[in-house]
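What follows is a set of notes on a single structure, which appears directly below.
The values are calculated or read from the model by the stated rules, or taken from the named source; none is laboratory data. Fair warning: this is a prediction, and the values are worked out from it, not measured in the lab. Note that each Cβ is placed from the backbone with ideal geometry, even for glycine, and that neighbours are counted across all protein chains shown. Accessible surface areas use protein heavy atoms only, side chains included; no ligands, DNA or RNA. Shrake-Rupley method; radii C 1.70, N 1.55, O 1.52, S 1.80 Å.
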Amino acid sequence: MAQAASNTATPDTAYLSTIITQLNKQWPANRTINLVFHGHSVPSGYFKTPVINTLGSYPYLLLSKLNAKYPYAVINIIKTCIGGENSEQGEKRFKKDVLTHKPDVVFIDYALNDRNLGLERALIAWEKMIKAALKQNIKVVLLTPTPDVTENILDPNSLLAQHTAQIIALGAKYHIPVVDSYQQFKNIKAGGQSLEPYMAQFNHINGKGHAIVAQQIAVLFDAEQH
């Protein structure tokens with residue numbers, strides 16, 4: 001996974017090729033594919049707190065896309081997310097709550113809540129989770145944060161921008177894909193549009209926002225790219 005000089009991530013469309021091969025298999029040669037989403041309130045499905053829209057969250061929007069593309073595949077979407085949690089807390093339960101599901105792919109999304117944790121502590125926690133999964137030959141995909149409109153998404157020195165850069169660097173270090181959600185929303189703002197139509201509240205995206213994230217993840221499962 002290459003890191004560009006501008007600290008933006010380029011989707012690695014070959015990384016999940018072995019998973020795509022499995023998704024294309026028909027019964028009785030196929031098997032269940034487990035996709036585990038580990039993170040905070042956004043992948044949990046929180047829209048306007050305390051309302052949860054599970055089927056409108058990006059893990060399930062992704063499932064809908066994958067079901068349409070791979071009609072023979074049996075796919076489990078497993079969410080091990082906890083609202084309000086940061087990566088340090090998530091790492092402490094990673095083995096018990098995540099690895100026990102025998103995931104084919106683990107998606108990690110914690111940056112929005114890591115701002116209070118700080119870059120150094122977040123780095124340690126993310127690396128521990130990445131190493132634990134890779135040690136078991138589990139594919140890992142990292143996600144940069146979705147917006148918090150109390151921050152200026154165009155400010156390269158904002159906390160979310162700093163965590164985004166760190167996540168992209170982790171992707172480069174461990175040669176794993178980064179789904180750069182932050183850049184997608186940054187592009188919308190840079191194009192002169194408001195982010196409000198994509199937000200359920202100041203720090204939670206709505207259905208339109210989740211659709212953007214799901215589409216970015218879906219690119220990694222695009223067999224036509226291989």
Inset, instruction - Check off (1) closer than 19 Å to GLY90 by Cα; (2) of a type in the set (Val, Ile, Thr); (3) not in a strand (DSSP E or B) for VAL140 and give me the number that stays unchecked. - result: (3)
Inset, instruction - Among the residues of the stretch 168-202, count how many are open to solvent by less than 40 Å² (accessible area, probe 1.4 Å), over 26 Å from LYS128 (Cα atoms) and assigned to a loop (DSSP other than H, G, I, E, B). - result: 1
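Working only within the stretch 37-67, note down all residues that are of a type in the set (A, V, I, L, M) and either in a strand (DSSP E or B) or touching a helix residue (DSSP H, G or I) at 6+ places or on another chain (Cβ under 6 Å) (or both).
Step one: filter the stretch 37-67 for residues of a type in the set (A, V, I, L, M), giving 42, 51-52, 55, 61-63, 66.
Within the stretch 37-67, ILE52, LEU61, LEU62 meet the criteria.
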Legend entry - Some residue of the stretch 21-34 being buried (at least 16 other Cβ atoms within 10 Å of the Cβ), modelled with pLDDT of 95 or more, over 17 Å from PHE221 (Cβ atoms) and touching a Lys or Arg at 6+ places or on another chain (Cβ under 8 Å): no
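What about GLN166, is it out of contact with any strand residue (DSSP E or B) (no Cβ under 6 Å at 6 or more places or on another chain) and under 30 Å from ALA68 (Cα atoms)?
Numbers: out of contact with any strand residue (DSSP E or B) (no Cβ under 6 Å at 6 or more places or on another chain): yes; under 30 Å from ALA68 (Cα atoms): no.
Against the criterion (out of contact with any strand residue (DSSP E or B) (no Cβ under 6 Å at 6 or more places or on another chain) and under 30 Å from ALA68 (Cα atoms)), GLN166 does not qualify.
Would you pick out the residues in the stretch 85-121 that are among the polar types (S, T, N, Q) and under 18 Å from the mean Cα position of the chain (by Cα)? Spell out how you get there, then give the answer.
Step one: filter the stretch 85-121 for residues among the polar types (S, T, N, Q), giving 86-87, 89, 100, 113, 116.
Answer for the stretch 85-121, where residues must be among the polar types (S, T, N, Q) and under 18 Å from the mean Cα position of the chain (by Cα): ASN86, SER87, GLN89, ASN113.
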Inset, instruction - Have a look at VAL213, VAL149 and point out the one that is among the β-branched types (Val, Ile, Thr), open to solvent by 40 Å² or more (accessible area, probe 1.4 Å) and not in a strand (DSSP E or B). - result: VAL149
Legend entry - LEU154 being part of a loop (DSSP other than H, G, I, E, B) and open to solvent by 10 Å² or more (accessible area, probe 1.4 Å): yes
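State the number of residues belonging to the stretch 68-105 that are among the basic types (Lys, Arg) and in a loop (DSSP other than H, G, I, E, B). Give the steps one after another, and end with the answer.
As a first pass, look at the stretch 68-105 and keep what is among the basic types (Lys, Arg): 69, 79, 92-93, 95-96, 102.
This time we only want the ones that are in a loop (DSSP other than H, G, I, E, B), so: 93, 102.
Residues that pass the stated criteria total 2.
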Legend entry - Search result, residues across the stretch 114-142 that are open to solvent by less than 10 Å² (accessible area, probe 1.4 Å) and either in contact with a helix residue (DSSP H, G or I) (Cβ under 6 Å, 6 or more places away or on another chain) or hydroxyl-bearing (Ser, Thr, Tyr) (or both): ASP114, ALA122, ALA125, TRP126, MET129, ILE130, VAL140, LEU142
Legend entry - Failed item, numbered, when ILE75 is tested on (1) closer than 19 Å to ILE217 by Cβ; (2) among the β-branched types (Val, Ile, Thr); (3) open to solvent by 70 Å² or more (accessible area, probe 1.4 Å): (3)
